[in-house]
Protein chains: 2
Amino acid sequence: MTTPITTTATDRPGTRVLDHPDRAAIRLEDVLHALADPVRLQIVRRLAAAQGELSCAVIELPVSKSTCTHHFRVLREHGVICQIYRGTAKMNGLRRADLDELFPGLLERVLEAAELQDTRPDA
Amino acid sequence: MTTPITTTATDRPGTRVLDHPDRAAIRLEDVLHALADPVRLQIVRRLAAAQGELSCAVIELPVSKSTCTHHFRVLREHGVICQIYRGTAKMNGLRRADLDELFPGLLERVLEAAELQDTRPDA
């Protein structure tokens, strides 16, 4: 769970790398869009709490497997998470360093805002 | 430009109030969705810089009038801006106090991130 994710390990046996935007190609609007969906926000919060890689399977979500796959792909294509196959498991990790570099403090405020929202009387 | 916006001035002559979500009904996911569009983000940045009400007409945008109207409506319905008719002018203002109360620091980080993004070499 604490293995650092690399997107360049194409030569490692059992490792398959999916397409990810370079840091310079990550756009604020895309990141906000990726975070704007409740299921995707839930994934991001889970990954932030884990502070490392998690397989899709261990992140319990209230949607079908194909919908899950879609949401993980949106997060990856918009630069929010890294996804990498390790053997047959697709592992996911937040691109925290990239996001913090590009948009200082933004992810942290979103995570805090989500926590606060959970504590509202109507939550 | 510095007139404070009120959403309860239904008894003022020439003032017509549009529907706005109560503060408690504003959801993080909706705010992120509202901010995730480049045109809407541009509107929010312009209103933040103005620190007061602006009419739709003075905010120059690279889209048609009906598309503008749509974007302003999304921002209002998602709790990001207030819109109020003053005579024939529809005036817009950021719901900064509400957003800061619900999601501390979030709007500020988004505005900063947008500024930073503008300064990127590829911007």
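Under 20 Å from A:Ile26 (Cα atoms), within 14 Å of chain B (Cβ to nearest Cβ), surrounded by fewer than 20 Cβ atoms within 10 Å (Cβ to Cβ) and not hydrophobic (A, V, I, L, M, F, W, C): does that describe A:Pro121? Give the derivation first.
Details: under 20 Å from A:Ile26 (Cα atoms): no; within 14 Å of chain B (Cβ to nearest Cβ): yes; surrounded by fewer than 20 Cβ atoms within 10 Å (Cβ to Cβ): yes; not hydrophobic (A, V, I, L, M, F, W, C): yes.
The answer is no for A:Pro121.
Here B:Pro21 passes the criteria (1) in contact with a His (Cβ under 9 Å, 6 or more places away or on another chain); (2) touching a residue at least 40 places away in the same chain (Cβ under 8 Å); (3) assigned to a helix (DSSP H, G or I) except the one numbered (3). Could you tell me whether any residue of the stretch B:73-96 is touching a Pro at 6+ places or on another chain (Cβ under 8 Å), free of Cβ contacts under 8 Å to residues at least 24 places away in the same chain and at negative phi? No, that holds for no residue.
Listed conditions (1) within 13 Å of chain A (Cβ to nearest Cβ); (2) closer than 19 Å to B:Asp30 by Cβ; (3) not in a helix (DSSP H, G or I) are all met by B:Val74, apart from (3). Within the stretch B:14-42, take every residue that is over 29 Å from A:Asp118 (Cβ atoms) and modelled with pLDDT of 95 or more and give me the one that is surrounded by the fewest Cβ atoms within 10 Å (Cβ to Cβ). Filtering the stretch B:14-42 for residues that are over 29 Å from A:Asp118 (Cβ atoms) and modelled with pLDDT of 95 or more, the one surrounded by the fewest Cβ atoms within 10 Å (Cβ to Cβ) comes out as B:Pro38. Could you check the stretch A:83-116 and list, in sequence order, the residues that are part of a loop (DSSP other than H, G, I, E, B) and modelled with pLDDT of 95 or more? Passing the criteria: A:Arg95, A:Phe103, A:Pro104, A:Gly105. Conditions: (1) crowded, with 17+ Cβ neighbours inside 10 Å; (2) free of Cβ contacts under 8 Å to residues at least 40 places away in the same chain; (3) out of contact with any Gly (no Cβ under 6 Å at 6 or more places or on another chain). A:Arg109 meets all but one. Number of the miss? The number of the failed condition is (3). Here is a check on your reading of the model: is A:Glu53 buried (at least 16 other Cβ atoms within 10 Å of the Cβ), within 14 Å of chain B (Cβ to nearest Cβ) and acidic (Asp, Glu)? The answer is no for A:Glu53.
How many of the residues making up the stretch B:18-38 are out of contact with any Cys (no Cβ under 8 Å at 6 or more places or on another chain) and either farther than 27 Å from A:Arg27 by Cβ or more than 10 Å from chain A (Cβ to nearest Cβ) (or both)?
As a first pass, look at the stretch B:18-38 and keep what is out of contact with any Cys (no Cβ under 8 Å at 6 or more places or on another chain): B:18-19, B:21-38.
Okay, now just the ones that are also either farther than 27 Å from A:Arg27 by Cβ or more than 10 Å from chain A (Cβ to nearest Cβ) (or both), so B:18-19, B:21-25.
Matching residues across the stretch B:18-38 total 7.
When the stretch B:81-104 is filtered for residues that are crowded, with 17+ Cβ neighbours inside 10 Å and within 12 Å of chain A (Cβ to nearest Cβ), the ones remaining, listed by number, are B:Leu99, B:Leu102, B:Phe103.
The set of residues in the stretch B:56-67 that are closer than 18 Å to B:Leu35 by Cβ, touching a residue at least 24 places away in the same chain (Cβ under 8 Å) and either within 14 Å of another protein chain (Cβ to nearest Cβ) or more than 12 Å from the chain's Cα centre (by Cα) (or both) comprises B:Val63, B:Thr67.
The values are calculated or read from the model by the stated rules, or taken from the named source; none is laboratory data. Please read these numbers as outputs of a predicted model, since none were measured by experiment. Positions of Cβ are backbone-derived with ideal geometry, glycine not excepted, and every protein chain shown enters the neighbour counts.
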